[in-house]
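First the structure, in the form of structure tokens, and then the observations on it.
The values are calculated or read from the model by the stated rules, or taken from the named source; none is laboratory data. Everything numeric in this text was worked out from a predicted model, so none of it was measured. Here the Cβ positions follow ideal geometry from the backbone for every residue, glycine too, while neighbour counts run over all protein chains shown. The accessibility values were calculated without ligands, DNA or RNA, using every heavy atom of the protein model including side chains. Shrake-Rupley method; radii C 1.70, N 1.55, O 1.52, S 1.80 Å.
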Amino acid sequence: MTKKQQPQTARSRSNKVTAPSLKISYTVILLAYALITIITPNLEANDATGPKFLALSILNLLAFAFLLTQKDPKSESGPFQTFFRKKIGFVYTLFLAFMLISFTKAINIPEAILTFVKYFTVFIAVYNISAILQFDKRYLRLLSIVMVSVLLIDSFTVFYNVLLYLSKQIASFHDVKSIYSNRNILAAAIFIKIAFALWLYTFESGWLKKFGFFALFCAFLATFFMSARTFYLGLIVLTVVYITFLLIFNLRNKTTSPFKMPGYFLGALVVAYLGFSATQKYLYPKSDDLYGVSVTQRLSNMSSETSGLRRLQAWKNSAELLKHDPILGIGAGNWKIRVLEYENKTKTSNLCMVRNHNDFIQVTAELGIIGGLLYLSIFIIIFLNFLFATIKPNQSEETVGNLFLPAIGLLCYSVDAFFNFPAERPEMQSLFAIFLAVAITYTFPENLLNPLASVLKRNIARILPAIFVLALSTCYLLNLNFKSSRLQRIAEEDVLSTIPRHKSQEFIEGFPFIPNVTFNGIEPIAVTKSRYLLNEGNYQGAIDLLYPDKSNPYDGNREFLLAIAYAKVGKKDSALHYANKAVQLKPYFYPNVSLLTKYLVENSRESEAIKLLKEYVLFERYDSRAWLSLTNLFVMKGDSINAVATLNTAIKYLPNDPLILKEKAKLTK
């Protein structure tokens, strides 16, 4: 933008009127929202999201309580009422209400509650941030400077690890994560915070403009080095949208140099790409199998690699789920449970898709078509407001600038949301809350919603305390979730160790009532407890714990352990029943097949066991355990011809397997 078009800032007005100082309290709150989810440590939890969401909820409670004591000079009811007068705030509220309605379709209510609590935590963050931003636009500038500074820290962390890699001080920088939970979140954080750098570069002047441009270049370069296909695609989308915006806005306002800023933007992108490509071509080890792949190669195989195929299958499964419950969906937070109904039919391991890798599809599957449209509407309304402001004649640059940051920010966020699950990542939710708060703050109140605003104004004395109570409740529930996450981590470490280091009583008494399934394995918490009971020989105690549990009817681990426990107490029919149910739930998971085979043989039903194993090896031909088990069954029946034939077939798929070759030599000797 030209100097002539720059909006008059507080600095330029300072010669005429001294602007009041920014309140330290508001500044501290905003900085806390910008950084709290980044700096909160793991605290020995199974997953970092537990303590981070808890920290955000505590900040919400403290900030909300403080803001209740503040007065907005433009409103008798304080800084909160304007939130509901905006179309975005109204749709956002309606979306949360529809999430509550979806509870009626959930088969796991605790998971639905926890999901709502996380979304409500972000909602309160938006509420609080928007309340502060409306007091003075300088808070937004300050917030942007801080976020761009964090963007530079993230980028230089990547550069530092690249230098270590090139100097052979580290074998790979694949695990670089800066101050985030993992590499994927770092890549997303860099890309999404580009919006703040663009805002400074486009709508500020002087050192802030240069600061934004420098950060923009660093972010481009870091994004290339991170080799994340999602954000390679995101750079293409961002470039098209941003250049189109600049050309339309500059030509509409008859800017003297309409191609100057687009040129600098494209120049920074091209130089970053060339710098990355040259480093990759001339300095990377030739053996590099990931980072040595070019940008175009990474994009070309985006849908053909294993991760891409898994995403596509997850989206197809979501479509199947939506067919059965199109109006209200399957219930908030229940996707990871219900999808097992389809996923387990072809899974040969305990690994599963806990998230859909597309928030828009997952929200629609969980809340139904209406809930999905409400969620999508939040983004669409903001994009349309920005579009209309851009093309509308005589629209001030300040108005367009106010809508630019949330629109571009949510565009970048949408790229991540289309291929990943930022709704489950607190670091991404902090950015989402900031963008949404800016959009709510700087859009004009909608006349259409004035009746609702009037109702809220009359009942504001009741509504604000109710929100405070809900915010307090979220802290309590997220604290239970955090406590459970720490115990889950201990239990996972015990599973990996030879001898469990803890007793069952610690977990039976220690686990809170919510959640009732684990975060990563989505198995029932009752299964985690029962493993300790089985190790201690308390088989009846395990049965009493597992039998009434209905937290995840599609997992199969409950049935597997019930079968073992019933066998140990001598109830063979019950053991056989639950072993068969485990196979029905997950027919190609070998431990299930092996257990049922064992119990069938013990009940003199070898023919059924042979049929079971034949069906398994037809699907999974590269499992030597199944081939050997099938061979042994034929040997038990005295059928040496089929035993040898089975081994010959196995050798076709596993020609160098030592156990199969040894068994073949033994039978043909």
Can you tell me which of (1) assigned to a helix (DSSP H, G or I); (2) surrounded by fewer than 21 Cβ atoms within 10 Å (Cβ to Cβ); (3) at pLDDT 95 or above is the one R489 doesn't meet?
(3)
V644, sole failed condition from (1) more than 48 Å from the chain's Cα centre (by Cα); (2) among the aliphatic types (A, V, I, L, M); (3) under 22 Å from L600 (Cβ atoms):
(3)
Neighbours by Cβ (under 7 Å, 6+ apart or cross-chain): first from region 20-43, farther than 17 Å from S144 by Cα; second open to solvent by 50 Å² or more (accessible area, probe 1.4 Å) and of a type outside the set (V, I, T)
S25/F66
Where residues in region 323-360 are among the polar types (S, T, N, Q) and open to solvent by 10 Å² or more (accessible area, probe 1.4 Å), which of them is farthest from F560 (Cα to Cα)?
T346
Residues of region 120-138 satisfying the condition of being crowded, with 21+ Cβ neighbours inside 10 Å, of a type outside the set (V, I, T) and more than 13 Å from F84 (Cβ to Cβ):
F120, A125, N128, L133
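Okay, residues lined up against (1) part of a loop (DSSP other than H, G, I, E, B); (2) open to solvent by 30 Å² or more (accessible area, probe 1.4 Å); (3) not charged (D, E, K, R):
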| position | (1), (2), (3) |
| --- | --- |
| P515 | yes, no, yes |
| F519 | yes, yes, yes |
| R531 | no, yes, no |
| G541 | no, no, yes |
| A563 | no, no, yes |
| L576 | no, no, yes |
| Q584 | no, yes, yes |
Per the filter on region 361-385, residues open to solvent by 40 Å² or more (accessible area, probe 1.4 Å) and within 26 Å of S307 (Cα to Cα) are I361, L376
Of everything in region 226-265 that's of a type in the set (K, R) and farther than 17 Å from K209 by Cα, which residue is most open to solvent (accessible area, probe 1.4 Å)?
K254
Could you tell me whether Y547 is over 17 Å from Y599 (Cβ atoms) and touching a residue at least 40 places away in the same chain (Cβ under 8 Å)?
no
Per-region count, region 614-644, residues of a type in the set (S, T, N, Q) and either touching an Asp or Glu at 6+ places or on another chain (Cβ under 9 Å) or assigned to a loop (DSSP other than H, G, I, E, B) (or both)
3
Positions within region 142-151 being buried (at least 18 other Cβ atoms within 10 Å of the Cβ) and more than 22 Å from the chain's Cα centre (by Cα), in sequence order:
L143, S144, V148
Which members of region 645-665 meet the condition of being surrounded by fewer than 17 Cβ atoms within 10 Å (Cβ to Cβ) and part of a helix (DSSP H, G or I)?
A645, N648, T649, I651, K652, Y653, P658, L659, L661, K662, A665
Among the numbered criteria (1) crowded, with 16+ Cβ neighbours inside 10 Å; (2) touching a Phe, Trp or Tyr at 6+ places or on another chain (Cβ under 8 Å), which one does S172 miss?
(1)
Taking the condition of being polar (S, T, N, Q) and either touching a Phe, Trp or Tyr at 6+ places or on another chain (Cβ under 8 Å) or exposed (fewer than 15 other Cβ atoms within 10 Å of the Cβ) (or both), how many residues in region 152-169 meet it?
3
Sole residue being at pLDDT below 95 and either of a type in the set (S, T, N, Q) or farther than 19 Å from R229 by Cα (or both), chosen from S144, S181
S181
Please give the number of the condition A526 fails out of (1) at pLDDT below 95; (2) within 24 Å of T49 (Cβ to Cβ).
(1)
Kindly indicate whether any position in region 267-278 is part of a helix (DSSP H, G or I), crowded, with 21+ Cβ neighbours inside 10 Å, of a type in the set (S, T, N, Q) and in contact (Cβ under 8 Å) with a residue 12 or more places away in the chain.
no
Under 6 Å between Cβ atoms, at least 6 apart or on separate chains: pull out the pairs that start in region 104-117 with a residue that is farther than 14 Å from A365 by Cα and end on any residue that is of a type in the set (A, V, I, L, M) and open to solvent by 10 Å² or more (accessible area, probe 1.4 Å).
V117/L477
Inter-residue pairs, beta-carbon under 6 Å, first free of Cβ contacts under 8 Å to residues at least 24 places away in the same chain and in region 614-638, second of a type outside the set (A, V, I, L, M, F, W, C) and surrounded by 14 or more Cβ atoms within 10 Å (Cβ to Cβ), 6+ apart
L630/T646
